[in-house]
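The values are calculated or read from the model by the stated rules, or taken from the named source; none is laboratory data. Please read these numbers as outputs of a predicted model, since none were measured by experiment. Cβ placement follows ideal geometry from the backbone for every residue including glycine, while neighbour counts extend to all protein chains displayed. Surface areas here come from the heavy atoms of the whole protein model, side chains and all, with no ligands, DNA or RNA. Shrake-Rupley method; radii C 1.70, N 1.55, O 1.52, S 1.80 Å.
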Amino acid sequence: MRDYKKYDVWKISHELVKEIYIISESFPKSELFGLTSQIRRAAVSIPTNIAEGCGRSTDKEFARFIEISIGSTNETEYLLLLSCDLGFTSKDTIRKLNATLNLIRQKLIQLRKKLLNNN
């Protein structure tokens, strides 16, 4: 079984989740069960699916969980854009987080490709 904590992409996405939690803390209370909850779930899904995939027995199964993480990366990116458009976050914050999301996405795509090439 793989150790998810050894993957750089897991480490980076775990740090992103902590940042998302801090940023979303300042969202309006009326968004607690809306955007705040959704952006947190989307961000948490990235490292969670990496961790869950590490518990799978084949590279193909692991690659499927990496694909889900990629989708969650895209969802998080959109929800950050929405939060900015609604005035809940600044463009500077979004730029920084988008750079991190792009790095995560790139690493996930590389990992998925590597896993699928092993079959």
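Would you mind checking Lys5/Lys60; Lys6/Lys60; Lys60/Lys96; Lys6/Lys96; Lys60/Lys113; Lys18/Lys91 for any pair whose Cα atoms are more than 22 angstrom apart?
Lys60/Lys96; Lys6/Lys96
Against the longest principal axis of the chain, how steep is helix 59-85, in degrees 0 to 90 to the nearest 10, with axes from Cα atoms?
10 degrees
Quick one: dipole size for the range 1-112, taken about the Cα centre, charges +1 on Lys/Arg Cβ and -1 on Asp/Glu Cβ, in debye to the nearest 20.
260 debye
For the range 43-48, what does the Karplus curve 6.51 cos²θ - 1.76 cosθ + 1.60, with θ = phi - 60°, yield as ³J(HN,Hα) per residue in whole Hz, taken in order and with x for Gly and Pro?
5, 4, 5, 5, x, 5
Sorted by packing (mean other beta-carbon atoms within 10 Å per residue), highest first, where do 42-52, 60-70, 22-32 land?
Packing proxy ranking, top to bottom: 42-52, 60-70, 22-32.
Suppose a student asked you for the relative contact order of the range 1-91, using Cα pairs under 8 Å spaced at least 6 residues apart; what percent would you report?
Normalised by residue count, the contact order of the range 1-91 is 31 percent.
Roll a 1.4 angstrom probe over the protein heavy atoms and tell me the percent of accessible area of the range 1-79 that is carbon or sulfur.
Of the solvent-accessible surface of the range 1-79, carbon and sulfur hold 55 percent.
Give the angle, between 0 and 90 degrees and rounded to the nearest 10, that separates the Cα long axis of helix 91-117 from the longest principal axis of the Cα atoms of the chain.
The two axes meet at around 10 degrees.
What percent of all Cα-Cα pairs in the range 1-96 falls in each 10 Å bin, counting up from 0?
17, 45, 26, 11, 1
Just the accessible area per residue of the chain, please: how many Å² with a 1.4 Å probe?
Averaged over the residues of the chain, the accessible area is 57 Å².
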